[in-house]
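Structure first, then comments.
The values are calculated or read from the model by the stated rules, or taken from the named source; none is laboratory data. Computed from a predicted model, the values in this text were never measured in an experiment. Here the Cβ positions follow ideal geometry from the backbone for every residue, glycine too, while neighbour counts run over all protein chains shown.
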Amino acid sequence: MFSFLRRKATPAPAPAVTPAPSTPATPTAPGGWLDRLKAGLRRTGSSIAQVFTGTQIDEALYEDLEAALLMADAGVGATQHLLGELKRRVKETKATDPQAVKALLVEVLTELLQPLEATLKVDAHQPTVMMVAGVNGAGKTTTIGKLTRHLAEAQCKVLLAAADTFRAAAREQLSVWADRNQVEIVSQEGGDPAAVCFDAVKAGQARGCDVVIADTAGRLATQTHLMEELRKIHRTLGRAMDGAPHEVVLVVDGNTGQNALAQVKAFDAMLGLTGLVVTKLDGTAKGGVLAAIALWGRERAAQGKGGVPVYFIGVGEGLADLQPFDAREFAQALLD
C-alpha cells in the first residue's frame, strides 16, 4: 500500500513521487496496514466506540461521547464541532439506532480530517530540499530513514544532511539509515548545522540528486536559542538554493496529545510548516489530537494561510508502519 510511483524513463517528464492512493475495495491481508492501524488506535477508539453500545439516542449518549472525545485529546474546540455536526445530522436523518449514529460520526470526523490529506511531491525542484524538525523522542530520525527508504525504492536519488552536529548518536543513527538505504550523507562532527545543510544542498545539486533531506537537532519550542538555530538553518538553505527549503516537515509524537498541537503551532510560527508526520499512534489513548490539528488548520485557512497537511502517520517501528494519511481510513479505524 505504501509505495512511491516510479519515475518515467527520460526523456519523458518525471511524475510526482507520491504515495500510491489507497484502494478501499482491495482486501487487506492479515497483519496488513489497516489491521495495524485499527490495533494502534484501539486505546483511543475503544472508549469512543463504547458510547454506542447502548440502545438509546439521548443526551446521556452525547455527554458520554463528549467525555470520550476529550479523553482522546480531541480538544474542546474539535469536540464541540464534532458534537454539533453529529446532532445536526442525527436530526436530519432521524437516526434512532446507535450504530447508525456512529456511522454518522465517522462521516463527520472524516470531513473534519479531510483537509489534512495531501500528497508529498518531490518532482517540482531538483533537488527538492526538505527540512525536518521535531522535539527529541518524536521519532524524527527514524521517520527520515523510513521516508528515505521509500524514496530510494522509487528510484529517487536521495542525499541526507546530518545537521544535528552536536549529538554523535544522531549522526550515527542517520548514517545507519544511509548505509541501509544505500544513499549518500553529508556529516560533520561538531560543525555548524547550517553549514552542513548548505554543503548538502550544493552537493545535491552537483550530484544530480532528486531530494536532499536535512535532519535537524531535536529541541523544544521553548528553547529560544535552539529555535533560532533552526531559523538560521532555514535561511541558509534559502541561500544555498533559491526557494529552499521546499518542504518544512515537523514530526510529532501522537502520544503527547494536546502538547503535539502546541508544538505544531510553535514550530509553524517559527518556520512556516508545509507538512506533518504524526508518529507513535500505536497504543496511544490520545489519537484524537488529529481532530484538534484539523480544526486548527481550518482556522488557519480562514485567516488566508495555507494548510499544514499530515503527510504520513506511523503506528510502529516497521518500515511499512509509516503510511500516507487517509482521513476516512483513520476515522473508520478509530471507530471500528
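Whether any residue in the range 140-152 is in contact (Cβ under 8 Å) with a residue 24 or more places away in the chain, assigned to a loop (DSSP other than H, G, I, E, B), of a type outside the set (D, E, K, R) and closer than 23 Å to Glu317 by Cα is what I want to check.
For the range 140-152, residues in contact (Cβ under 8 Å) with a residue 24 or more places away in the chain, assigned to a loop (DSSP other than H, G, I, E, B), of a type outside the set (D, E, K, R) and closer than 23 Å to Glu317 by Cα: absent.
Kindly indicate the residue of the range 216-236 that is in a helix (DSSP H, G or I) and more than 22 Å from the chain's Cα centre (by Cα) and also surrounded by the fewest Cβ atoms within 10 Å (Cβ to Cβ) among those meeting that condition.
So the residue we want is His225.
Which of the following residues is surrounded by fewer than 17 Cβ atoms within 10 Å (Cβ to Cβ), farther than 30 Å from Gly318 by Cβ and at pLDDT 60 or above: Glu92, Glu85?
Just one listed residue meets the conditions, Glu92.
Tell me which residues, restricted to the range 153-172, are outside any loop (DSSP other than H, G, I, E, B), under 20 Å from Asp192 (Cβ atoms) and at pLDDT 90 or above.
Hits for the range 153-172 are Leu159, Leu160, Ala161, Ala162.
Consider Ile213 carefully, then state whether it is closer than 19 Å to Asp268 by Cα, out of contact with any Pro (no Cβ under 8 Å at 6 or more places or on another chain) and either assigned to a helix (DSSP H, G or I) or hydrophobic (A, V, I, L, M, F, W, C) (or both).
Considered against the rule, which asks whether it is closer than 19 Å to Asp268 by Cα, out of contact with any Pro (no Cβ under 8 Å at 6 or more places or on another chain) and either assigned to a helix (DSSP H, G or I) or hydrophobic (A, V, I, L, M, F, W, C) (or both), Ile213 comes out as yes.
State yes or no: is Val212 more than 30 Å from Gly75 (Cβ to Cβ), buried (at least 21 other Cβ atoms within 10 Å of the Cβ) and either touching a Leu at 6+ places or on another chain (Cβ under 6 Å) or not hydroxyl-bearing (Ser, Thr, Tyr) (or both)?
yes
What do you reckon, is Val252 part of a strand (DSSP E or B) and in the same structural domain as Ala163 (by TED's automatic domain parsing)? Give the derivation first.
Values: part of a strand (DSSP E or B): yes; in the same structural domain as Ala163 (by TED's automatic domain parsing): yes.
Criteria met by Val252.
Residue-wise test of (1) closer than 15 Å to Gln332 by Cα; (2) modelled with pLDDT under 90; (3) among the β-branched types (Val, Ile, Thr).
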site	(1), (2), (3)
Thr18	no, yes, yes
Ala25	yes, yes, no
Trp33	yes, yes, no
Val51	no, no, yes
Gly54	no, yes, no
Glu59	no, no, no
Leu104	yes, no, no
Glu111	yes, no, no
Gln114	yes, no, no
